[in-house]
Amino acid sequence: MKETNLKKIRNAMEKLQDAKRFEHTLGVEYTAAALAMRYGEDIKNARTAGLLHDCAKCLSDKKRLSICRKNKIPMTELEKKNPFLLHGKVGAYLAKQKYGIKNQDVLNAIRNHTTGRQGMSLLEKIVFIADYIEPCRKHAPNLAEIRMLAFVDIDKAMLKILEDTLNYLKDSGGDIDPMTEATWQHLLSQSTASDKEVKEG
Ligand code: DGI
Ligand code: FE
Ligand code: FE
């Protein structure tokens, strides 16, 4: 993807999003780029996914639902009840159809940025984390710790974010998407498996 495409996408997001959301978008773009540098991921892919991750956030719930229906994008009952959860899926659809993104890893990073999924790629983890730690974020607990951890151990940062998100949803009574729970479980089982390997040598 050419550099000029990044500029085009950035300009399109500026028109689409209110000032605060656009600031967040830029924050995710450069935080994803920094994480890509740290972990050896493709920087342009990280920036592209960062710029586009919330491209369906400013649509109405009605619009998100109708885009899914019209284009036969499968929805779970929980997503129908909480249509904001669809902004990843719909965002990936728009990224492909409207913004011409062909790279499947970039599309997956957009699609899975809210709940994660089992077996996430490096790029998916980078966008998921960048969304949570970018400089405009202020309200999440343990932010300072997670910001540091993100550049030390990407999987530990993923686990901490998911743990805090699940706790927040339990406290606030929000519906927990099984994907969020499954992402956490999957990472947890991987981390205990690697601890065991270290202990057993
Ligand atoms: O779109 P952003 O606000 O930038 O960030 P996001 O796409 O990560 O969405 C953040 C919100 O998503 C946050 O309030 C927690 C919520 N969330 C994450 N997993 C789940 C969830 N909400 C529900 N109801 N269920 C989930 O499993
Ligand atoms: Fe989002
Ligand atoms: Fe976001």
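By the helix-only formula, in which each DSSP H run with n ≥ 4 contributes -39500 (n - 2.57) and the sum is divided by residues, the chain has a 222 nm mean residue ellipticity of -22000 deg cm²/dmol. Helix 61-70 and the long axis of the chain differ in direction by around 80°, with both axes built from C-alpha atoms. Look at the dipole of region 1-141 built from charges on Cβ: of Leu94, His53, Cys136, the Cα furthest out on the positive end belongs to Leu94.
If only the Cβ of Lys and Arg carry +1 and only the Cβ of Asp and Glu carry -1, the dipole of region 106-191 around its Cα centre is close to 180 debye. Compactness of region 6-141 is given as radius of gyration and Dmax, 14.0, 40 Å, from Cα positions.
Share of carbon and sulfur in the accessible area of region 133-201 stands at 57%, probe radius 1.4 Å. The loop-placed trypsin sites (Lys or Arg not before Pro) in region 109-201, going by DSSP, that have at most 11 neighbouring Cβ atoms within 10 Å of their Cβ come out as Lys138. Taking Val106, Val28, Val152 as the candidate residues, the one with maximal mean-square fluctuation in a Gaussian network model of the chain, Cα springs under 10 Å, is Val152. Under the convention that each Lys and Arg Cβ holds +1 and each Asp and Glu Cβ holds -1, the size of the dipole of the chain around its Cα centre is about 1200 debye. Axis angle, to the nearest 10 degrees, between helix 87-97 and the longest C-alpha principal axis of the chain: 50 degrees. Taken along the Cα-to-beta-carbon direction at a fixed 7 Å, the label points for Asn11 and Lys196 span 5.5 nm. Under the criterion of Cα pairs below 8 Å and six or more residues apart, the relative contact order for the chain equals 20 percent.
Per residue, region 6-141 exposes 49 Å² of accessible surface when a 1.4 Å probe is rolled over the protein heavy atoms with every protein chain present. If you plug the beta carbon distance of Lys63 and Tyr30 into 1/(1 + (r/R0)^6) with R0 = 22 Å, you get a FRET efficiency near 0.15. Kindly state, to the nearest 0.05, the FRET efficiency for Glu77 paired with Gln97, given R0 = 25 Å and r defined as their beta-carbon distance. Plugging the Cβ-Cβ distance into 1/(1 + (r/R0)^6) gives 0.45. Averaged over residues, the count of other Cβ atoms within 10 Å places the peptides 82-88, 68-74 in the sequence 82-88, 68-74, highest first. Sum up the charges of everything whose Cβ sits under 11 Å from the Cβ of Asn103, counting Lys and Arg as +1 and Asp and Glu as -1, but leave Asn103 out. Every neighbour counted, the sum reads +1. I'd like the orientation of helix 3-16 relative to the chain: the angle between its Cα long axis and the longest Cα principal axis, in ° from 0 to 90, rounded to 10. The two axes meet at around 70 degrees.
The values are calculated or read from the model by the stated rules, or taken from the named source; none is laboratory data. This is a predicted model, so every value here is computed, not measured. Neighbour counts run over all protein chains shown; Cβ positions are idealised from the backbone, glycine included. Areas reflect the complete protein model, heavy atoms only, side chains present, ligands, DNA and RNA absent. Shrake-Rupley method; radii C 1.70, N 1.55, O 1.52, S 1.80 Å.
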